[in-house]
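What follows draws every value from the coordinates through simple rules; no lab data is involved. Note that this is a predicted model, so its numbers are computed, not measured. Virtual Cβ from ideal backbone geometry, glycine too; neighbours counted across all protein chains shown.
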């Protein structure tokens, strides 16, 4: 079964004419047409023309051939719209399917009171506990409740470097289909079958069960209204024309109706929605609802964790700053030796820096390691001979100096402040009761992030950096990265408070988080993006999950949301602007036979009434497949102010939509004119 | 063309100070010297009506108050028209109207339309004219403006902190804050929009009455009658039979007819009659009065809301539309009338159905302005305009937001602005919003309904009427006949009231069909924006900035104009092609 899905998936990525035609025909059934009022009207119009064609062939002098061609073109219009939806759906399913394929036939070792039993993965229920041993695939989404292990998540994310997942930490979440590489875990299953993240995402790209997003619904109301308006226009035209002695051709009236109603956007609207979800999926973002993707485009404020988003994550030692009268080499050596037993990246970076500067660090003899604790905020070495070396937070070290009867050097405070102001974290070093100096641990800002924030500012999105650092450090990093605002010494409560403040000011807020204590803030935010590695609570509270657990993903989410909305707006404008040219092609054609003077309105000088009407409906039909790639790919989002974006899009899709049909219809008329 | 440009310049020159005055006089959120001037009168009126002048309503209560008062007024007017024969102030002994014409007349005047299926001087008593007609001619434009004020406070007004209000209040003498803080006294927190009766009173007392008095005095000076004596019987110079000249309190009525986008004149032929429009100066005053308050309203709303640039953008679109159709009509009427081809007058402008004393340009200008503003008074017969002139008149009424009726013109524009904001928001990649408030399915459903009503009613009724020719009874078959029917329903829906005439429109079908068009055309486009504003007020407001849709930029102004043309005008194109355009193209 897994194999079949993968096979299907790879098929969906290419256009295969025959299956696509079959799928488009299958969607002609009334129930699926009824979901789309605009195309339903086209379908009814097609039926009317078909009936008329039948009658025309049995009558003498009927325009059977013309009616038949119009009928076929209208049918093609509906099929093109169906094909657009089918293609978008196939692409979406292909991505989701390839993700799901990996867990097709998983089995699980369910832990029961009497022991363990082996069951199929799809029989697991929420709350079941399963044991997973190194080398096995995780059978279901869930949370590690016991143990730790390294996991290969490449099936989900494409990233093959293993990641560490551990019970009781913020990295306790596991996904079905990922592979445990080491150790042994007990995982509590968190979803019932059919409710996993992937199942929800697949529902978003499946046309039949897809829920329309809020702005899509509102747009549908508008499109249905315009359809009704033009239906009224065309129906009332019949008695009015009769009153002035003009016999109107039913086929031509249906053609006029189909050309006037917004078929371009009506036909592509479902495809645009599905493609938007699919683009999110392709970015390894799993949305729990279409609304989440859509809302991302309207985000006003981004709450970004400093670590991982703005900075590379690990602070690194960049400088040893001795106090006055202290030898630099002494500071370097003590700092380095103290850090030899320190496994953290910061500790390692101190060793690296000391060695780079020429220090020779020997492992301490007869020394006991004093580990770092949150209480003491220092770590170090106690030697058997009574010497004691410490490194740690400056104020903690200063207190130690005073307790040991030492004196804090006069320039210590200035050193600490200088380093903090530059965005680095100071770490003081103590030998006995002598304060030697300070190590600067600097955050390394990601390359290109400042430009990214500049673009966001251009688009009117406010960025707020969240960090646990002290205010001075935070300010320096904020200035360097170019964020609009920052919150230092942030707690989860403070984050929640900030989100509420921003929302009270009317802003839509997005944030990313992974910890259980982030869950309230994730739920409160308009767009809560949880890392897949995060805890179950965080993933439940969020409305989007990032499989890559990349804190920078919020920016992609905003872009995907905007793209979805702009594509809809652009095609709506294009579709409506097209009407002008179609009027000029069809109206003279309808009346010209009875009132030749009205031929004066035929500014395009088309070959004959029949070829004029046909040219317009053929253009109307061909626009849909011509724009399918555009609908699936989406409008390119540029970093620009709203006014610049509006001007640009109006020029392209409004003015373009107004002008393009004139030459296009004329060209089609030149091609088919000789036939009529 | 020079006269036309002069009129536009004069109009804007006069509307500017009036708008600034209205903006101060009608803003209930601040105290002005006008409060001391008009406060006592208003207090008495408010006390008589039992209304606390500092009270405020929710949007739904406001809407309900508008509907209730209008139902009441329609009922009263209907009774008065039917029973005027038995009532006093009827020196000429005019009998009561039949029920359907009376109903049509009541609804027509209660919707600020003044479409007349009767002839004023012959079929209405002085009581009907002054009590029913003139009362409605004051209350209906005031209502349009009142609803606009409510929408302005709700939707347009920039969010000012309450400190601004209290600072203003504290700088004025103590104990003299006439209605300055209606918001503070609102019973439902901030979800209130003002008080309908307070607004109505202020508009009538502070704007309509003083202006009408001014215009009426000028008209009396120019020779328009103003008397409660009956018709005058005069013996002609040639000593033949005596002629009866109807008269009455004409000047005051004409003043509010012109100023209040009403249009229903004392005399059947309206301002073509020398007694209603005697001189060149009178014609100029009456012409300017057509658009004066609608243009001033834009400025007033700009002052009250603080959104001057938005109003300038709206004004620019309106002026552009206005110049386009006015030019079309003026140029068209300069062309000779095709029916006169081959006669000695060939080559002169189309003077058929026009007063020679005004000429073609001033008649065309009046025609254009009276259809733009939903006034509907005439100084020439629209039926006799050249086909393209008629096309311009119809286009004015389809759009109906080129200044439009008092208050309702701008409200109607807001409807299109909402649509444009919906599309524009999408085009910049944000969920649709207006002034930072999300436009969602509920809002779009009602906006759509208000948009849909126009083609449904106008084209639907036209189609039914021409499908059953026994109902139509019009004087011309063919293209012009279709134009006449189309014009009648368009005029009713646009609350314009002018007629192409030539229809047997005193019959029950016409009366009842027009009542439907009048009521829907008045209340749906006026009240839907109020409801939408009310709903939006309850939602969060996103702060406006670089990333949000600016409604003031040129691109958005253009988008709104495009929406009006495509959503509104394009729908009527086929009907226009079969009516005036076909008529023009088939001229010999």
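Side notes on the structure shown:
- Spin-label model, residue A:470/residue A:418: points 7 Å from Cα along the beta carbon direction are separated by 1.6 nm.
- Antiparallel content of DSSP bridges confined to segment A:408-495, in %, to 5: 75
- Residue-averaged beta-carbon neighbours from other chains (10 angstrom radius) around A:503-512: 3
- Taken over segment B:470-588, the convex hull of the Cα atoms encloses 143 Å³ per residue.
- Stokes-Einstein D in µm²/s, Kirkwood radius over Cα pairs - the protein assembly as shown at 25 °C with 0.890 mPa s viscosity: 69
- For segment A:450-536, projected area of the alpha-carbon convex hull averaged over all directions, nm²: 5.9
- Cβ-to-Cβ counts within 10 Å put A:635, A:111 in ascending order as A:111, A:635, the fewest first.
- Fewest-first ranking of A:227, B:287, using other Cβ atoms within 10 Å as the exposure measure: A:227, B:287
- Each part gets one Cα centre, and for segment A:323-339 versus segment B:347-371 those centres are 100 Å apart.
- Cα principal axis extents for chain A, largest first, Å: 119, 62, 42
- Taking every Cα-Cα distance in segment B:216-280 and sorting them into 10 Å bins from zero, the calculated P(r) comes out as 22, 49, 24, 6, 0 percent.
- Packing order of peptides B:314-324, B:103-113, highest average first: B:103-113, B:314-324 (average count of other Cβ atoms within 10 Å over each peptide's residues).
- The percentage of C-alpha pairs in segment A:428-499 whose separation is greater than 17 Å is 56%.
- Scattering curve values for segment B:1-144, log₁₀ I(q)/I(0), Debye with Cα scatterers, q = 0.18, 0.21 Å⁻¹: -1.07, -1.17
- For segment A:501-620, the Stokes-Einstein estimate of translational diffusion at 25 °C and a viscosity of 0.890 mPa s comes to 132 µm²/s, using the Kirkwood hydrodynamic radius over alpha-carbon pairs.
- Debye equation applied to the C-alpha atoms of segment A:446-488, log10 I(q)/I(0) at 0.18, 0.32 Å⁻¹: -0.47, -1.09
- Taking only the alpha carbons of segment A:116-189, we obtain Rg and Dmax values of 11.2, 32 Å in that order.
- Every pair of different Cα atoms in segment A:580-669 enters the Kirkwood calculation, which places the hydrodynamic radius at 14.8 Å.
- Footprinting exposure proxy for A:190, A:339 (fewest neighbouring C-beta atoms within 10 Å first): A:190, A:339
- Shielding by partners, peptide A:556-569 (average Cβ within 10 angstrom, other chains): 3
- Across every pair of non-identical alpha carbons in segment A:173-246, the mean reciprocal distance, once inverted, gives a Kirkwood radius of 18.0 Å.
- Other protein chain Cβ atoms within 10 Å, averaged over every residue that makes up B:563-571: 4
- Reported value for segment B:412-536: 112 Å³ per residue, from the convex hull of its C-alpha atoms.
- Dimensionless Rg ratio for segment B:377-444, taking C-alpha atoms and the 2.2 N^0.38 Å reference: 1.58
- √(5λ) per eigenvalue of the Cα gyration tensor, chain B, largest first, Å: 38, 29, 22
- Spatial separation of Cα centroids for segment A:615-672 and segment B:9-54, in angstrom: 51
- Cα centroids of segment B:87-160 and segment A:411-448: 82 Å apart.
- Computed over segment B:98-156, the convex hull of the alpha-carbon atoms projects to a mean area of 4.5 nm².
- For segment A:331-447, taking the reciprocal of the average inverse distance between every pair of different Cα atoms yields a Kirkwood hydrodynamic radius of 14.5 Å.
- Stokes-Einstein diffusion coefficient of segment A:190-334, Kirkwood radius over Cα pairs, 10 °C, 1.306 mPa s, in µm²/s: 74
- Report note on the peptides B:401-408, A:30-37, B:520-527: ranked by the mean count of other C-beta atoms within 10 Å, highest first, their order is B:401-408, B:520-527, A:30-37.
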